[in-house]
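Notes follow the structure.
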Amino acid sequence: MTAAADRLRALVVQNHWEQALALLRRMDVEAAAELIMKLPFEEQKRLYCALPIDFAAQLAGEFPYYHAYVLLHARPAQEITAIVDAMPPDERVRFFEELPEEAWQRLMDELEGKQAAGAPEMPRAIAEAPLPDPPIIEARKIEKVFERPGGGNIQVIAPTDLSVTPGSIIALLGPSGSGKSTLLRMLTGLSTPSSGEVLWHGKTFAEEKPNVAIVFQSFALFPWLTVLENVEVPLLARGVEHDERHARALKTLGSVGLEGFESAYPKDLSGGMKQRVGFARALAVEPEILFMDEPFSALDVLTAENLRGELIDLWLGKKIPTRSIFLVTHNIEEAVLLADRILVLGRNPGRIRADFHVPLARPRDRNGAEFLMYVDYIYKLLTQPDLEAAPLVAKSAYQMLPHARPGGIAGLLEILNDRGGKEDLYRIADELRLDVDDLLPIVEATTLLGFATTHRGDVELTPVGKTFSEADVATQKDLFREAALVHATLLKQINNALASKSDHAMPLEFFRDILEEHFPGQEVERQMDTALTWGRYGEIFTYDSETDRLRAPQPVTQAEAG
Amino acid sequence: MVRPQPWTRFAPWAALPRSVPSLLADLPILLAGLALFYGLLALARYWAAPVSTHAEIRLTAAVLPKYALFSVARLTVAYFISLSITLVYAYSAAHSKRAERVLIPLLDTLQSIPVLSFLPPVMVAMVTLFPTRQLGVELGSIVLIVTGQVWNMAFSVYSSFKNIPRELQEAADIYRLSWWQKFLQLELPYSAIGLVWNSMMSMAGGWFFLMACEMFVLGNRDLRLPGLGSYLQTAANAGDTRAIVEGVAVMIGVIVLMDQLIWRPIIAWSEKFKFEQVEAASAPRSPMLDLLRRSRLLARVGALTVTPAREALTLHFARQRAEPTAEPSKIRTGLGWLAAIAVIAAVLYATFRMAVMLTALSAPDVRGIGMGAATTFLRVEFTLALAALWTVPVGVFIGLRPRVSAIAQPIAQVAASVPATALFPIVLLMLIQVGGGLGVGSIVLLLLGTQWYILFNVIAGATAIPTDLREVCDVFHLHGAQRWRRLLLPAIFPYLITGLVTASGGAWNASIVAEYFKFRGKTFSTVGLGAVISRATDNGNFPVLLGATIVMAALVVVVNRLVWRRLYVLASTRFVLDS
């Protein structure tokens, strides 16, 4: 072996690449990889750079993980992409799964833009812009606070800085309740920040009304107007005369593929067609920034995918006059598919947890390695404990129950058990066709109850979780009750309160008051709902909606427990 | 959309259809236009005439068409006044938080005041305004009708305005619609359906109180206006059975005709304002509407008048909005404050005067009001119970059988559209023959006026019971009482409550005409708050009128808040079928 290594090294030193390749090709891949690793590291890199893509891809899977990672990054960016894409699919998945901590950290730094210029190691499909354009919108320390009816405030959005520069699609991604829509409405001037200011080209909304448009989730079309009249609405509001208005509306309708539907009413159209009208209405005013508030989430999967594709085509073909697109979504794949830049929001209170660029080439392949890398990264972000915000929240934070039903929790645990106790979140989401909004609360609930742990976008069963997933219904309920009484503050409080009363009953109103200290009104109801479902399922209490009272199930339980 | 060529703007006749068949199709519309014009001319001549408070109401069939025209004109004018008030009132309440806090409780109070209580102040004001012309008395009568029509319309439009979905509001804001464009393209269309249904109810209310509104005694003045209401009242006084029957027949004819020619087309047309994203399976149709829609004449006239006017107005407000708005000047804010202070002062003064007037009430007066209130309360509740007792089984029977309801619904609708007051004389005739007094009679009269609300709602509720629930009952052999308790009653509960709420309000208002009735030159009356109010109006006894009105308004508001609203909440939470 040493002789072979020496021969290879000689070839590399003399730059005899063809012969070196021929030598390696004669061996099987595993042996070739071992041989390469016997060379000095610098020569390994030079050799790897000289290998053709397909062979480099075959070899990559044979190196220990971090080694492969470093070798890969010796090559120019586009070649790395090509090599990763050329890897056999299962190898590729393994490659990303085995990503060691340092590699992750590097990747994270890269994604967050911490490693500024001179970082040659990560793929950069798009060259850095020479000089950033001045931003269109600058939000300075905007904050949203809602007053509670009983006095006191609840912070919905923590003071946030944000700028929107021209020429990019920006996705605002976050779980429900993170204030995505509130942020969008403050940027568009629909809602006024409680403090801080939003500047468009350096001017406030009072000084100058910006030219914006929003595409709404519910389409927000006027059902009594025809398609054409709907598109004419904003033009009429701008005082555009009849003939010009007509011509402009027709032209915009044409650009979104709605010729021939001018005189139809929205109720005659399918969801996808309605949203096209929504797009046409927004584009008719030639907005500087096109805002979209979950524009595809009311559509079925295929229609949504089709519309996304057309939007990208319009944008890339510069067929729409907007300078930037600002998209609010809770769909991670949608964000990675469309956006040049992604903002991830955290909640309670809402704030930006991550802000990074997505320098993937278009058209983007949903199954491409780097695409999945970004999806995985975002899952990791959303599931990892919120370190940087912890001191902010700690002083007043009351534990927030994730809005998951016991059935969902049990379902997830059973799926995990079927897959050997560990699985990638994005894969579960993808296979079950679940949105983050549906999946994340369930994951959070399982970790809160100690049935599973999350790590870097993976979710893994704990021993209790495993027992739970294999138990019968009655045992599951017992396990659930035990876990809830240990980990869920609200249920613990309810249980203690009920136990301390001689009649073992309390009005629900009492706990609602407690929650109102900590959550805005809508959230209070959702917390109550979740607590009721969990408490009823775990037989911690029964609830009578007529009297609005909670009651401990029966004294027998206490005797057993004691 | 029909769009005129540029040159036709200056030559309207060129826009008229040229072919003979289309001209023939437009002939009815042309004739209707001419008839309308003649009617207006006749009315104007009559209104400008010197006042004749003692107009002779003749009881011959020949005068009936003229009387019917007068009544319809009065109701129509009143309706349009109500509509204007409704829009202004609802718009102000929905758009200003400060105005809302005043206007909405005020609306709640005003709608619980019975129509007749408005009579003396309205009449005195109008007759003082136009002392010499017929117009004064006429306006008084019209305003009186308005006080019975406007409240529920205003409430409906206000709640529609408030319930416009958030994203639609935001779309209007983000696309910078002027207040006018927002009103025209979003707010008005969104409230259209509720407005149409409430307009129909208001018109029905107008017919109900027509007799009271066209002929009344004000102190020593006996005012009567030519119309169907006064005709019926006079016929009742005279005990002229033939005239009563003829009057009722004409009234029913007019109501049915208006329903077919005006309300059906409007309902069918307002379908397009339904806020639903999918096409409904069966939409209401109207041949009359089809005729109007096919008319090219109307389309061209519209394209020459309404369309350009709308366009010009909308563009005007759009440009006005685009200009930077000046800060409200100090003078204007100052004037606003002055006006507010003036209103508050007026309210305080009026409250003081009312208090002074109430001190004039004697002990027997107060006792009378108290007794009357208790009696009428019991009477109204008894009537509701009686109405529910027969309408629930009948309504469920009809509602569960599509074939029966296809026949019964239109019949019941015609029956319901006949104002119960018009039937009072006939009912009284029969009652007197069997020997019952107004004690029993008033309950029959109240029943006539209120049972329909309950019946229609129960039918609707029974129709809405899902088939699978009925099949579950069959599978588990639930019959008789069990079936009623487990399925039918809970399922129709929300509808029954809606019907009862409407009926309750109607019954209180109707008690005024049901408890006190002039017939064959005699005055029949029974103990009751309605009778107290009617008698006080007749005698010009203002303290009693005021006291009784306050008691009635308070009773209605309290019962609404304490009983009906709670049942309503219960109905919309526990008994709602949303699967």
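Summary table
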read-out	value
Residues being more than 11 Å from every other protein chain (Cβ to nearest Cβ) and either charged (D, E, K, R) or surrounded by fewer than 17 Cβ atoms within 10 Å (Cβ to Cβ) (or both) - total across region A:235-249	3
Residue within region B:139-159 that is closer than 30 Å to residue B:317 by Cα, within 14 Å of another protein chain (Cβ to nearest Cβ) and not hydroxyl-bearing (Ser, Thr, Tyr) present	no
Boolean, residue B:397 is among the aromatic types (Phe, Trp, Tyr) and surrounded by fewer than 19 Cβ atoms within 10 Å (Cβ to Cβ)	yes
Test result for residue B:201, within 28 Å of residue B:516 (Cβ to Cβ) and without any contact (Cβ under 8 Å) to a residue 60 or more places away in the chain	yes
Residue match in region B:43-51 (condition: surrounded by 11 or more Cβ atoms within 10 Å (Cβ to Cβ) and at pLDDT below 65)	yes
Residue satisfying all of: in region B:522-560; part of a loop (DSSP other than H, G, I, E, B) and out of contact with any helix residue (DSSP H, G or I) (no Cβ under 6 Å at 6 or more places or on another chain); farthest from residue B:376 (Cα to Cα) among these	B:540
Residue tally, condition closer than 23 Å to residue B:193 by Cβ, charged (D, E, K, R) and free of Cβ contacts under 8 Å to residues at least 12 places away in the same chain, over region B:283-313	2
Per-region count, region B:105-121, residues more than 18 Å from the chain's Cα centre (by Cα) and either under 17 Å from residue B:555 (Cβ atoms) or in contact (Cβ under 8 Å) with a residue 12 or more places away in the chain (or both)	2
Candidate set: region A:251-278, residues that are over 12 Å from residue A:225 (Cα atoms) and hydroxyl-bearing (Ser, Thr, Tyr); chosen: the one farthest from the other protein chains (Cβ to nearest Cβ)	A:255
Verdict on residue A:141 being more than 14 Å from chain B (Cβ to nearest Cβ) and under 22 Å from residue B:165 (Cα atoms)	no
Members of region A:185-220 that are assigned to a loop (DSSP other than H, G, I, E, B), touching a residue at least 60 places away in the same chain (Cβ under 8 Å) and not hydrophobic (A, V, I, L, M, F, W, C)	A:201, A:202, A:210, A:211, A:217, A:218
Elements of type helices (runs of 4 or more DSSP H) in region A:35-79, at least 1 residues being modelled with pLDDT of 80 or more	A:41-50, A:53-60
Selection count, region B:171-185, where residues are at the interface with chain A (Cβ under 9 Å from one of its Cβ atoms) and part of a helix (DSSP H, G or I)	7
Residue A:450 on the phi > 0 side of the Ramachandran plot and either crowded, with 20+ Cβ neighbours inside 10 Å or not in a helix (DSSP H, G or I) (or both)	yes
Residue tally, condition surrounded by fewer than 17 Cβ atoms within 10 Å (Cβ to Cβ) and hydroxyl-bearing (Ser, Thr, Tyr), over region A:499-532	2
Per-region count, region A:19-30, residues touching a helix residue (DSSP H, G or I) at 6+ places or on another chain (Cβ under 9 Å) and not in a loop (DSSP other than H, G, I, E, B)	8
Residue in region A:253-265 that is farthest from the chain's Cα centre (by Cα), counting only those that are part of a helix (DSSP H, G or I) and surrounded by fewer than 21 Cβ atoms within 10 Å (Cβ to Cβ)	A:254
Condition met for residue B:393 (more than 33 Å from the chain's Cα centre (by Cα) and assigned to a helix (DSSP H, G or I))	no
Meets criteria (at pLDDT 90 or above and either away from every other protein chain (no Cβ under 13 Å) or in contact with a Cys (Cβ under 9 Å, 6 or more places away or on another chain) (or both)) for residue A:281	no
Check on residue A:215, under 23 Å from residue A:191 (Cα atoms), crowded, with 19+ Cβ neighbours inside 10 Å, within 8 Å of another protein chain (Cβ to nearest Cβ) and not small (Gly, Ala, Ser)	no
Which listed residue, of B:188, B:168, is within 14 Å of chain A (Cβ to nearest Cβ), at pLDDT 90 or above and under 19 Å from the mean Cα position of the chain (by Cα)	B:188
Tally of residues being small (Gly, Ala, Ser) and either at pLDDT 80 or above or crowded, with 22+ Cβ neighbours inside 10 Å (or both) across region B:409-457	5
Test: residue in region B:79-94 that is free of Cβ contacts under 8 Å to residues at least 24 places away in the same chain, in contact with a helix residue (DSSP H, G or I) (Cβ under 6 Å, 6 or more places away or on another chain), in the same structural domain as residue B:214 (by TED's automatic domain parsing) and farther than 21 Å from residue B:530 by Cβ	yes
Enumeration of residues in region B:95-118 that are of a type in the set (S, T, N, Q) and more than 24 Å from residue B:340 (Cβ to Cβ)	B:111, B:112, B:117
Flag if residue A:408 is out of contact with any Phe, Trp or Tyr (no Cβ under 8 Å at 6 or more places or on another chain), touching a residue at least 12 places away in the same chain (Cβ under 8 Å) and closer than 23 Å to residue A:489 by Cβ	yes
Pairs, first without any contact (Cβ under 8 Å) to a residue 60 or more places away in the chain and at negative phi in region A:162-180, second part of a loop (DSSP other than H, G, I, E, B) and surrounded by fewer than 24 Cβ atoms within 10 Å (Cβ to Cβ), C-beta under 9 Å, six or more apart	A:163/A:135; A:163/A:136
Residues that are out of contact with any helix residue (DSSP H, G or I) (no Cβ under 7 Å at 6 or more places or on another chain) and either among the β-branched types (Val, Ile, Thr) or at pLDDT 85 or above (or both), drawn from region B:458-470	B:467
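Let's see how each residue does on (1) touching a strand residue (DSSP E or B) at 6+ places or on another chain (Cβ under 6 Å); (2) within 13 Å of chain B (Cβ to nearest Cβ):
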{"position": "A:160", "(1), (2)": "yes, no"}
{"position": "A:165", "(1), (2)": "no, no"}
{"position": "A:182", "(1), (2)": "yes, yes"}
{"position": "A:188", "(1), (2)": "yes, yes"}
{"position": "A:199", "(1), (2)": "yes, no"}
{"position": "A:221", "(1), (2)": "no, yes"}
{"position": "A:226", "(1), (2)": "no, yes"}
{"position": "A:233", "(1), (2)": "no, yes"}
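The values are calculated or read from the model by the stated rules, or taken from the named source; none is laboratory data. A quick note: this is a predicted structure, and the numbers were derived from the prediction, not measured. Counting neighbours? That spans all protein chains shown, and the Cβs are built from the backbone with ideal geometry, glycine included.
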